[in-house]
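Quick notes on the structure that follows.
The values are calculated or read from the model by the stated rules, or taken from the named source; none is laboratory data. Being a predicted model, the structure only gives us computed values, none of them experimental. Reconstructed Cβ throughout: ideal geometry from the backbone, glycine too, with neighbour counts over all protein chains shown. Each accessible area value is taken on the protein alone, full model and side chains, heavy atoms only, with ligands, DNA and RNA left out. Shrake-Rupley method; radii C 1.70, N 1.55, O 1.52, S 1.80 Å.
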Amino acid sequence: MLDLFGDPNIWLPLTFAALLGVAILVYVVLDGFDLGVGLLFPFADDAEKDRMVASIGPFWDANETWLVLAIGLLLVAFPPANSIILNVLYLPVALMLVGLILRGVAFEFRVKAPARWKPLWNFAFFWGSLQAALCQGFMLGLYIMGLKVTPVHLGFACLTAGALAVGYSLIGACWLVFKMDGHLQFKAVRWARHGIWGAVIGMGAISIASPLVSPRIFEKWFTLPDMVWLAPLPLMSLACLVVLWLSLRELPRSDHKWDWVPFISVTGLNVLAFSGMAYSFYPYIVPEKLTIYEAASAPESLIIILVGALFVLPVIIAYSALSYYVFGGKATALRYD
Amino acid sequence: MDALLLSRIQFGANISFHILFPSINVALAWVLLFFKLRYNATGNEAWHDAYRFWVKVFALTFGLGVVSGITMSFQFGTNWPGFMETVGNIAGPLLAYEVLTAFFLEAAFLGIMLFGMSRVPGWLHTLATFLVAFGTLMSAFWILVLNSWMQTPAGFEMRDGVAFATDWSQIIFNPSMPYRIAHMLLASAMTASFLIIGLSAYRWIKGDRSAELRTTLRFAVTMAAVLIPVQIIAGDQHGLNTLEHQPQKIAAMEGNWETATHVPMLLFAIPDEKERRNLFEIGIPDGASLILRHDPAGEVPGLDDYIAEDGTVLHPPVAPVFFSFRIMVGTGVLMLAVSWAGVFFLRRKRGETRWHAENLPGWLVYVMVPMGFSGWLATLAGWYTTEIGRQPWLVDGVLKTHDAVGELAPTMVLSTLLIYLAIYVILLGAYVSVLFYLAGKAARGDHVPHSPKAAPLPAE
């Protein structure tokens, strides 16, 4: 079983790196839209806030589970990498967790606590979302910079922090375009149009900085013939951006036929950007220090997890799909009965 | 203070805060399924209303459990890198299975359970309730398997200081696992039933006389009264299992310094670790021997046996284990008294019928309100007993706690600890006050719109 696909010390770490990548990517897209909705809170009035939360209420919990899966995979498949990364990122991780706690409980408290506290919990929802998004972006920046803590790297991390927050609000706005109608959809289209610029700046900064920081990454992208094979990545990203921009120019439309286009194109953009980053860093899991092969757990343990994952993941995808189907269409108020 | 102690306090604070919510919800999920099935079977609106009130409590509790659980998953890496580096090959798959088989299941069907009643067919809503309950149970199962393995490791071998799995069935069915799971699930059932008792008593005091309230109160009192003797038996069996596999923990729980026969059961004492003796002992002669060996002349292990030749202490700190054990048992006795008194008075024929909540004397109703949180106290005290009782080991006989802690600046750990503590205090206050607010609102009768045409409440 172990040497089914050749050397288990090669294919198992690779498989788990792929799983980890998928978990992070799914997390960024899914929690991206519900964190993004939180980030857009200050621009909405009270009735709009209720509808915005109703559009993410049934999903946010499962969305955040992908973060637990991602950190869990890093923890169980690459323990030394987990230790190094989380040791450097100790403070931003803690602050991100506080942010996630605040916004997570605000979902419940804002409607269950006495009405006079609602503005406070609304603020906690926005603030928690912002803090979580900024911390995640900050950690992303430090990771790209090779987890070194110098003023320049911290400055770059601050830039990616802002960019990721704007990026999340773009995903959130596109989600709202998809799930809303009427005036709120009109507003969401406007938010999304503004958000595009943040995404372009953020992705541009990362695309320019990564090869500059690491000669290895530079070589991976800018030597022939690899450059030709890789060309579709930036080109397709550009195509996604154009579709996003054009669709937002046309929306909202009264037939609601194309409301899903912005969300799908922004998701495509995410997938492409993430694939590019994964390509840049492979085979390293701690940039320039530790490869996935050096950091992986024992094959005996990984295979146990893999077998379970292969059975369970399709089921997870199936019932997640059921949930999105049940709560599909334009969001309406959530009720317990 | 050093990073070790601060990291321990931080982990303790995180996990103590976290356990409050699953300890309610693991059992409350099954209670909700019961309410739902009763409603399906009888069509009695009281069960339906009970479901609709308690599902709100469940949702609130679930939210707090989820976010505090996410914090837990990061703690291993941020503060305890040595844990995964040493025993990751065993802990890893167990944690992964928890995420894969439990977390996603709960999270995906929670949406349908909470907000799906009018969107999906009735059977699917009942199924969603069942799957959420099943998910919470799976989650409890896997994490308790791991915890039990840390207490009584089995099915592995050490190579170059790293644990490798040799037999997964031994790892999963390690010696303390069945006892710990039974004890914890019953603890959850007690915590949930007393929370229902407490909030129902509060609603009663506030003048609520609805059929729903009468039904749930009767249900919860009965549930607690039936399960508490079972819990006492399970706890006793768990204790005997600990005596076999972790005698040093039992010695600390009993406050017994020297291995001896005819050891008394101490009702009170102040263990003095410097002098290695107890102050102000009050005990029942032969009590500990009788409980642990079922024989007055039975031998009870003593703490002095767990000092290595070089003077290293290999037993846990005595006073915290000694006292938290007594708090757990004392709270359990109170819970027994209150639930049995409840059944006694409910059953007593006064006026027209048995099982009428009017039969409860006023003082008992007032006692029931604070007892609503007795499950938390007993559960926390029990966890402190078993986890502090595991020290100085992180994994018994394999890995010491101080060898697993990460290299962090104490000021950094202190700052995050203070942030977490502040958040936890605020959230705990908000949680408890919202519970009473929801109960008060229900007592005023404005919580359940009976008519399906009632105005939609946004996301409530």
Inset, instruction - Please state which of the following conditions B:Gly111 fails to meet, knowing it meets all the rest: (1) within 19 Å of A:Arg335 (Cα to Cα); (2) more than 7 Å from every other protein chain (Cβ to nearest Cβ); (3) without any contact (Cβ under 8 Å) to a residue 40 or more places away in the chain; (4) not hydrophobic (A, V, I, L, M, F, W, C). - result: (2)
Inset, instruction - May I ask you to verify whether A:Lys112 is more than 13 Å from chain B (Cβ to nearest Cβ) and either at pLDDT below 90 or open to solvent by 10 Å² or more (accessible area, probe 1.4 Å) (or both)? - result: no
Legend entry - Residue among B:Val221, B:Val162 that is surrounded by fewer than 24 Cβ atoms within 10 Å (Cβ to Cβ) and among the hydrophobic types (A, V, I, L, M, F, W, C): B:Val162
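Kindly establish whether A:Asn63 is within 22 Å of B:Ser68 (Cα to Cα) and either of a type outside the set (Gly, Ala, Ser) or buried (at least 23 other Cβ atoms within 10 Å of the Cβ) (or both).
yes
The rows are residues; the columns are (1) among the hydrophobic types (A, V, I, L, M, F, W, C); (2) surrounded by fewer than 21 Cβ atoms within 10 Å (Cβ to Cβ).
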{"position": "B:Asn174", "(1), (2)": "no, no"}
{"position": "B:Ala182", "(1), (2)": "yes, yes"}
{"position": "B:Met190", "(1), (2)": "yes, no"}
{"position": "B:Ile205", "(1), (2)": "yes, yes"}
{"position": "B:Arg209", "(1), (2)": "no, yes"}
{"position": "B:Gln248", "(1), (2)": "no, no"}
{"position": "B:Lys274", "(1), (2)": "no, yes"}
{"position": "B:Asn278", "(1), (2)": "no, yes"}
Legend entry - Only one of A:Leu4, A:Leu19 that is open to solvent by 10 Å² or more (accessible area, probe 1.4 Å) and away from chain B (no Cβ under 11 Å): A:Leu4
Inset, instruction - Scan region B:406-421 for residues that are facing chain A (nearest Cβ under 9 Å), open to solvent by 70 Å² or more (accessible area, probe 1.4 Å) and farther than 19 Å from A:Asn82 by Cβ and jot them down. - result: none
Legend entry - Scope region B:76-106; condition farther than 22 Å from A:Trp60 by Cβ and more than 7 Å from every other protein chain (Cβ to nearest Cβ); matching residues: B:Asn79, B:Trp80, B:Gly82, B:Phe83, B:Thr86, B:Val87, B:Ile90, B:Ala91, B:Leu94
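Consider A:Leu14 carefully, then state whether it is part of a helix (DSSP H, G or I), of a type outside the set (Ser, Thr, Tyr) and more than 20 Å from A:Thr332 (Cβ to Cβ).
It is true that A:Leu14 is part of a helix (DSSP H, G or I), of a type outside the set (Ser, Thr, Tyr) and more than 20 Å from A:Thr332 (Cβ to Cβ).
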Inset, instruction - Looking at (1) over 21 Å from B:Glu98 (Cα atoms); (2) at the interface with chain B (Cβ under 7 Å from one of its Cβ atoms); (3) among the hydrophobic types (A, V, I, L, M, F, W, C), find the lone condition where A:Leu95 falls short. - result: (2)
Inset, instruction - Filter region B:345-374 for residues that are hydrophobic (A, V, I, L, M, F, W, C) and either in contact with a Leu (Cβ under 9 Å, 6 or more places away or on another chain) or surrounded by 13 or more Cβ atoms within 10 Å (Cβ to Cβ) (or both) and give the result. - result: B:Phe345, B:Leu346, B:Trp355, B:Ala357, B:Leu360, B:Leu364, B:Val365, B:Val367, B:Met368, B:Val369, B:Met371, B:Phe373
Inset, instruction - Taking A:Ala239 as meeting all but one of (1) more than 19 Å from the chain's Cα centre (by Cα); (2) aliphatic (A, V, I, L, M); (3) surrounded by fewer than 17 Cβ atoms within 10 Å (Cβ to Cβ); (4) under 30 Å from A:Leu75 (Cα atoms), write down the number of the exception. - result: (4)
Inset, instruction - Please determine, by comparing only the residues of region B:44-64 that are open to solvent by less than 10 Å² (accessible area, probe 1.4 Å) and more than 8 Å from chain A (Cβ to nearest Cβ), which one is farthest from B:Tyr424 (Cα to Cα). - result: B:Ala46
Legend entry - Counted residues, region A:287-337 - those being within 9 Å of chain B (Cβ to nearest Cβ) and either open to solvent by 50 Å² or more (accessible area, probe 1.4 Å) or touching a helix residue (DSSP H, G or I) at 6+ places or on another chain (Cβ under 7 Å) (or both): 25
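Looking at region B:375-405, which of the residues that are of a type in the set (Gly, Ala, Ser) and within 16 Å of B:His183 (Cα to Cα) is surrounded by the most Cβ atoms within 10 Å (Cβ to Cβ)?
That would be B:Gly375.
Considering A:Ile85, A:Ile71, A:Ile101, which residue is within 8 Å of chain B (Cβ to nearest Cβ) and either aromatic (Phe, Trp, Tyr) or closer than 29 Å to A:Arg335 by Cα (or both)?
Details: A:Ile85 fails: either aromatic (Phe, Trp, Tyr) or closer than 29 Å to A:Arg335 by Cα (or both); A:Ile71 fails: either aromatic (Phe, Trp, Tyr) or closer than 29 Å to A:Arg335 by Cα (or both).
Result of the check over A:Ile85, A:Ile71, A:Ile101: A:Ile101.
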